[in-house]
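The values are calculated or read from the model by the stated rules, or taken from the named source; none is laboratory data. Model, not experiment: these values are computed from the prediction. Neighbour counts run over all protein chains shown; Cβ positions are idealised from the backbone, glycine included. Note: accessible area is taken over every heavy atom of the protein model, side chains too, but ligands, DNA and RNA are not part of it. Shrake-Rupley method; radii C 1.70, N 1.55, O 1.52, S 1.80 Å.
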Amino acid sequence: MIKKLGKAFLAAALSLGLVACTQQPKKAEPVSILCPTGAPALAIMGAYGLEDVTIDYVEGTDVLTAELSKEDSQYDIIVAPTNLGAKLYTKNPAYNLEAVLTWGNLYLVGPEGTDVKSADITIGAFGEGAVPGLVFNNVAKSENLSPNVTFFGSVQEAQQNLLGGKVDVALLAQPVATATIAKAKELDKNLTVLMNLQTAFAKAQGLETVGYPQASMFVKSGKDVSRVTDAISAFIKDADETKLTETIDTIGVDKLGLPATQVAVKSWDAQNIRYVLGKEAKTDIESFLAIFNIQLPEGLIVE
C-alpha cells in the first residue's frame, strides 16, 4: 500500500512539474530597431529597456536607405521618413508600414511681428529636396509667401544664420526651434514662432488632421513585434512631463540627438508625436506622398 502511494505521489509530482513547465512564459523573441535621432527617437522611447530589444540611433537617411533596400537586413523595425519607405518598397517590399509616429515638427521662427509674406525678408531653410524643403515649398505656394529663400545643409546651419542675423526668419524643426528661441534670449534677442507649417499644410491639402505623416514605423514582413509596438503606443499615449524627463535622462540626450532634456519636454506637443496605425492614416499618407510624386504602393500599409 505504501509503495502504491509513493508511486502515485511521484506521478502526481511529475505531472505538476510538467504543467508548471508548460505554463512558463515564452521567452520574448529578440527585436532590433533602427531609428533616426530627434523626434523619431523620442517617438519610440517606449521600446527602450524592453527585454531583448536593441535600438541603433543614426543621423541622416543614408543608413536608413541602405537597410530598407536590403532583403536580409538585420533590423526588424526601421523608423524612416514615410516617403522614403514608400519609395524603396517598390524596389524591395521587405518592410511594411505599420504606423505613423511623427506628424511634422516644422516652424518658421523670427522676430515677433515679422511679415513672412513680405518679399523683403530672407528665410533660411533646410532640407531642399527632402521633407522639410518640399513641405515648405508647398506651404509657401498655398500661403502666397514670396521671400528670398536660402537653403542650408542642415537645420543647425539655418539656426546659426538666424541667430547671427544673416537671415530674417528660419525654417526650423522642433526641438531646435524651442532651443533657438531660448538661445536668442541669452543674446538679448526676442524670437518667436511665426508660422506652424503643420497647420498650414493641412489647410492647403484640405485635411482634417493637423500635420502630415512625416516619419513612420516600417516592420519586416512576417515579423511579430506587437509587444514592442504596443509599448511604443502606450508610452506616447501616457507621456507626461515626469515620464518624459526620466526616460530622456535615462537614454541620454546625446544618443537621442536632442539639445537638452527640458527643451525636448517643453516642445513635446509641438513635435506632433502620435501613434496612428497606417491603415487609419491612409488618406493622409496618400496626400503626403503626392507632393513627392509618389503613388501609394499596393501592399505597403499593414491592413
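Test T229 against the stated conditions and say whether it is open to solvent by less than 80 Å² (accessible area, probe 1.4 Å) and among the hydroxyl-bearing types (S, T, Y).
Here the answer is yes, as T229 does meet what is asked.
Kindly establish whether V193 is open to solvent by 40 Å² or more (accessible area, probe 1.4 Å), among the hydrophobic types (A, V, I, L, M, F, W, C), within 29 Å of G299 (Cβ to Cβ) and not in a helix (DSSP H, G or I).
Against the criterion (open to solvent by 40 Å² or more (accessible area, probe 1.4 Å), among the hydrophobic types (A, V, I, L, M, F, W, C), within 29 Å of G299 (Cβ to Cβ) and not in a helix (DSSP H, G or I)), V193 does not qualify.
Which of the residues belonging to the range 28-68 are touching a helix residue (DSSP H, G or I) at 6+ places or on another chain (Cβ under 7 Å), closer than 23 Å to K237 by Cα and among the polar types (S, T, N, Q)?
Passing the criteria: only T37.
Considering only residues of the range 166-188 that are open to solvent by 50 Å² or more (accessible area, probe 1.4 Å) and farther than 20 Å from K266 by Cα, which is nearest to the chain's Cα centre (by Cα)?
D168
Return the residues of the range 97-119 that are polar (S, T, N, Q) and buried (at least 22 other Cβ atoms within 10 Å of the Cβ); say none if nothing qualifies.
T102, N105
Pairs only if they're at least six apart or on different chains, beta carbon under 7 angstrom, first in the range 64-86 and within 25 Å of A290 (Cα to Cα), second at pLDDT 95 or above and of a type in the set (D, E); list them, first residue then second.
I78/E67
Can you find, within the range 120-142, the residue that is modelled with the lowest pLDDT among those that are in a loop (DSSP other than H, G, I, E, B) and open to solvent by less than 30 Å² (accessible area, probe 1.4 Å)?
Of everything passing the filter in the range 120-142, G127 is modelled with the lowest pLDDT.
Counting only residues that are more than 22 Å from A177 (Cα to Cα) and either part of a loop (DSSP other than H, G, I, E, B) or touching a Lys or Arg at 6+ places or on another chain (Cβ under 9 Å) (or both), how many does the range 247-288 have?
2
Every residue in the range 256-277 that is farther than 25 Å from F218 by Cβ and among the polar types (S, T, N, Q), please.
Those that are farther than 25 Å from F218 by Cβ and among the polar types (S, T, N, Q): T261, Q262, S267.
What's the number of the only condition in (1) crowded, with 20+ Cβ neighbours inside 10 Å; (2) at pLDDT 95 or above that L163 fails to meet?
Unmet condition: (1).
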